[in-house]
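Before any comments, here is the structure.
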Amino acid sequence: MSLPKRSRVLGWGASVPDLIVTNDDLSEVVETSDAWIQKRTGIKERRYVDHADGSVVMGAKAAADAIEMAGLEPSDVDAIICCTLSPDIDFPGNASLLHDRLGISPRIAFDVRNQCSGFLYALATADQFVRTGGARHVLVVGSEVHSTGLDFNGARGRDVTVLFGDGAGATVVGPSPDDEHGLLSFKLHAEGAYADKLAVFGPSGRDKPRIKPERMPPEDPYFYPTMEGRFVFKHAVEGMTSVIRAVVDEAGFQVSDIDMVLPHQANLRINQFVALQLELEERQVSNNIERYGNTTAATLPLLLTETAAAGRVSRGDLVCFAAFGAGFTWGAALYRW
Ligand code: ACO
């Protein structure tokens, strides 16, 4: 069997909860305002799950659409990679649970825990499987439920709470029928020295016992995400700008050749700074943060699904994915549509 030169996204899908939570809704429980959130982040609303639905249920809906669009049967999927920081249960990972829910039996199933850059890391991993013959059709699912783990206690944690929303997106990655279309190159990075700049510290394997009743919310913010916002912001702008430049350069293109950038959606201002530095026009960058906030690993497949549905990418377009997040981990992928 000859191996494909490139992998390609054969199908995609997304699923978001019905419940819309506006900035005004949030202001009723968190000390914030619609004006502050819109000015600093560009977010107008986000979605929250019904508490009975976790990231597996949402991920399964997105996955079913992606498999159907790829023209495949669920039994054609031979690997599942789930990226999430909000798995349904502590272990096993979402990939095992999704495996069962979709009623399919791929040989390979595992989770990637890389927060906002999770989808990019998973896409790069799927590409390796496809090009080396380790798997033919890889289902990559990004799915997040943040709303059940945010700090809704007044001013505490509000910088993070207003940013996040729930959602899911999925893609099926498989062999490209030609050498021109599909994933051209990717660049991934990590800097663990900044791991504590954006993190959820509890529960921790370093604690004995791991779950301490006195650390339980709402009194103690130990289980809520914390972030040094300005520090992360600065590194996100620098990281995304330089990694986009690098991935384009490596593939022998100029930034001006890019038809569409699909950037992670952490803060609209981050993406505006990146676009400014790269001299990208508004039409070359797709954003949907105003409706969903930051859905971490779900962001890129959700954005891909919406951008394609809106007809903003055409065959032959040069598309650049980029993401930055906790870890820090970041990266970019260049893709011929
Ligand atoms: N509502 C009202 N006021 C607020 C809020 C809020 N939600 N949050 C913070 N403030 C206040 C602060 O208390 C501060 O008040 P002070 O001046 O009286 O001290 C003031 O607003 C300014 O606070 P900053 O934190 O300096 O505000 P900034 O403009 O930096 O915006 C933000 C904060 C939105 C968090 C920004 O720093 C950011 O987006 N950072 C990067 C996020 C990111 O990229 N994350 C990575 C991906 S996420 C992942 O990987 C899991």
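Quick notes on this structure:
- Among 289, 260, 19 - extreme Cα towards positive end, dipole of the chain, charges at beta-carbon: 260
- Rg/Rg_ref, the stretch 7-175, where Rg_ref = 2.2 N^0.38 Å and atoms are Cα: 1.11
- Helix 229-250 and the longest principal axis of the Cα set of the chain meet at an angle near 0°.
- Calculated on C-alpha atoms, the gyration radius of the stretch 101-200 divided by its Kirkwood radius gives an Rg/Rh of 1.06.
- Within straight-line reach of residue 234, meaning a Cα separation under 30 Å, sit the following lysines at least 8 residues removed in sequence or on another chain: 39, 44, 187, 197.
- Rh by Kirkwood over Cα pairs, then Stokes-Einstein D for the stretch 217-337 at 1.306 mPa s and 10 °C, µm²/s: 106 µm²/s
- Diffusion coefficient, µm² s⁻¹, Stokes-Einstein with Kirkwood Rh over alpha-carbon pairs of the chain at 25 °C and 0.890 mPa s: 123 µm²/s
- Candidates 278, 188, 120: whichever shows maximal mean-square fluctuation once the chain is modelled as a Gaussian network with Cα springs under 10 Å: 278
- Between the Cα long axis of helix 299-309 and the first principal axis of the chain there is an angle of about 50°, rounded to the nearest 10.
- Legend: ranking of residues 281, 45, 31 from fewest to most surrounding C-beta atoms inside 10 Å; resulting order 281, 31, 45.
- Bridge orientation summary for the stretch 7-175: considering DSSP beta bridges with both residues in this region, about 65 percent are antiparallel.
- Reducing the stretch 273-337 and the stretch 125-191 to their Cα centroids gives an inter-centroid distance of 12 Å.
- Computed P(r) (all Cα pairs; the stretch 165-289; 5 Å bins; percent): 2, 8, 14, 15, 16, 14, 11, 8, 6, 4, 2, 0
- Within the listed set 63, 236, 193, the residue fluctuating most in the Gaussian network model of the chain (springs between alpha-carbon atoms under 10 angstrom) is 193.
Rule-based calculations on the coordinates, nothing more; no lab input. For clarity, every value in this text was computed on a predicted model and none was experimentally measured. Positions of Cβ are generated from backbone atoms using ideal geometry, with glycine treated the same way; all protein chains shown enter the neighbour counts.
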